[in-house]
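Visitor: Sharing a structure, written as structure tokens. Questions coming.
The values are calculated or read from the model by the stated rules, or taken from the named source; none is laboratory data. For clarity, every value in this text was computed on a predicted model and none was experimentally measured. FYI the Cβ positions are ideal-geometry reconstructions off the backbone, even for glycines, and counts take in every protein chain you see.
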Amino acid sequence: MSRGSDLEFRIERAKSLQRALRNKGWTRVYLAEKTGYDEKTIRNLLSGEPIRDQTLVDVSNALDVEPQLENTLGDVDVADDVFGGYLRHTHRNYEGFFSAYRRSFTRPGSIYKSIYRIQWDDTSDHFRFADYYQIDSEREYGARAHEGTVYMSSYTGLIHLLTVYEGSVRLATLTKMREADGTMRGAIQTQSESLMFFQPTVAPIVLVKLKQYEPKSCLKEDLRFLSEADDDFKLASEQLNLTEAQIVNIAFAK
């Protein structure tokens, strides 16, 4: 979504302040009391109305965010609030291909490797993803893929990759990527087929950013169960163990 006018800038600024207010757990009434402004002034600011610079500075300082005094957006891509209201240009490091490692749903003790791709969709104005998981010469890049929408929460600091198909839901919830190692860790929830029925299934999953990747030539080799002889088996095993121990919280009966 292209944003550039003063009105659009004020609206985006107001949304940012609203998120900061929610993160604080404050009401508008409390924010007004905290800053010494009346509720109407706070309401105008959070609605994108024109406001004095000093008012913006005071409210931003109270919310512990940087005051946005000048329109620096220009023409940028912004996801709608339902997807997290994230800016494309500040999340470009998520665009590209990732090696994905997860515990197998059907083979206990095994690790399965797939390839994820995240890219910006100019039509719907948000990130979308594809999880290439099985070779199929008739599909794009010669592989089948679970496809869906990327949600990024500024409130929780988590990323959600959601696939919905004919009432079935597949959801991967991940930590945001660390610049140091390009890794996201979390859990994937889906349904797997047993002998007589489908059952809810959860597994740890790790995504590692690939610097360069050519899907047409590489997918055939990458979509598979790992063996101990594979170069990335040790990395995958260590990362999944770390994810199970420190990242994913599963509630069990005592």
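Visitor: List every residue pair whose Cβ atoms lie under 6 Å apart, where the two residues are 6 or more positions apart in sequence or sit on different chains, the first residue falls within the stretch 23-40 and is free of Cβ contacts under 8 Å to residues at least 60 places away in the same chain, and the second residue, located anywhere, is among the acidic types (Asp, Glu).
Guide: Correct list of pairs: ALA32/GLU39; THR35/ASP58.
Visitor: If the requirement is being modelled with pLDDT under 90 and either surrounded by fewer than 18 Cβ atoms within 10 Å (Cβ to Cβ) or among the polar types (S, T, N, Q) (or both), which of these qualifies: SER2, SER60?
Guide: Values: SER60 fails: modelled with pLDDT under 90.
The match here is SER2.
Visitor: Can you go through MET184, MET196 and tell me which one is surrounded by 10 or more Cβ atoms within 10 Å (Cβ to Cβ) and assigned by TED's automatic domain parsing to the domain that holds ILE111? Steps first, please.
Guide: On the way: MET196 fails: surrounded by 10 or more Cβ atoms within 10 Å (Cβ to Cβ).
The unique qualifying residue is MET184.
Visitor: Something else: I need the full set of residues from the stretch 149-160 which are modelled with pLDDT under 95 and part of a strand (DSSP E or B), in order please.
Guide: MET152, LEU158
Visitor: Within the stretch 199-254, count every residue that is within 25 Å of HIS160 (Cα to Cα) and in a helix (DSSP H, G or I).
Guide: 16
Visitor: Can you name the residue in the stretch 167-205 that is of a type in the set (Val, Ile, Thr) and in contact (Cβ under 8 Å) with a residue 60 or more places away in the chain and is also farthest from ALA245 (Cα to Cα) among such residues?
Guide: Among those residues, the one meeting the criterion is THR190.
Visitor: Hey, could you check the stretch 84-102 for residues that are more than 20 Å from LYS211 (Cβ to Cβ) and surrounded by 20 or more Cβ atoms within 10 Å (Cβ to Cβ) and say which is modelled with the lowest pLDDT?
Guide: Filtering the stretch 84-102 for residues that are more than 20 Å from LYS211 (Cβ to Cβ) and surrounded by 20 or more Cβ atoms within 10 Å (Cβ to Cβ), the one modelled with the lowest pLDDT comes out as TYR86.
Visitor: Inside the stretch 161-190, can you point out the residues that are farther than 18 Å from LYS209 by Cβ and part of a loop (DSSP other than H, G, I, E, B)?
Guide: GLU166, GLY167
Visitor: What number goes with the only condition from (1) assigned by TED's automatic domain parsing to the domain that holds GLN189; (2) touching a helix residue (DSSP H, G or I) at 6+ places or on another chain (Cβ under 9 Å) that GLU70 does not pass?
Guide: Evaluating GLU70 over (1) assigned by TED's automatic domain parsing to the domain that holds GLN189; (2) touching a helix residue (DSSP H, G or I) at 6+ places or on another chain (Cβ under 9 Å) leaves (1) as the failure.
Visitor: In the stretch 27-47, which residues are more than 15 Å from VAL57 (Cα to Cα) and either outside any helix (DSSP H, G or I) or not charged (D, E, K, R) (or both)?
Guide: First, the residues of the stretch 27-47 that are more than 15 Å from VAL57 (Cα to Cα): 27-30, 33, 38-40, 43, 47.
Correct list: THR27, VAL29, TYR30, ASP38, SER47.
Visitor: In the stretch 73-107, how many residues are farther than 19 Å from ARG19 by Cβ and either without any contact (Cβ under 8 Å) to a residue 24 or more places away in the chain or charged (D, E, K, R) (or both)?
Guide: The number of residues fulfilling the criteria is 6.
Visitor: Tally up the residues in the stretch 135-166 that are more than 22 Å from MET184 (Cα to Cα) and in contact (Cβ under 8 Å) with a residue 24 or more places away in the chain, please.
Guide: Qualifying residue count for the region: 4.
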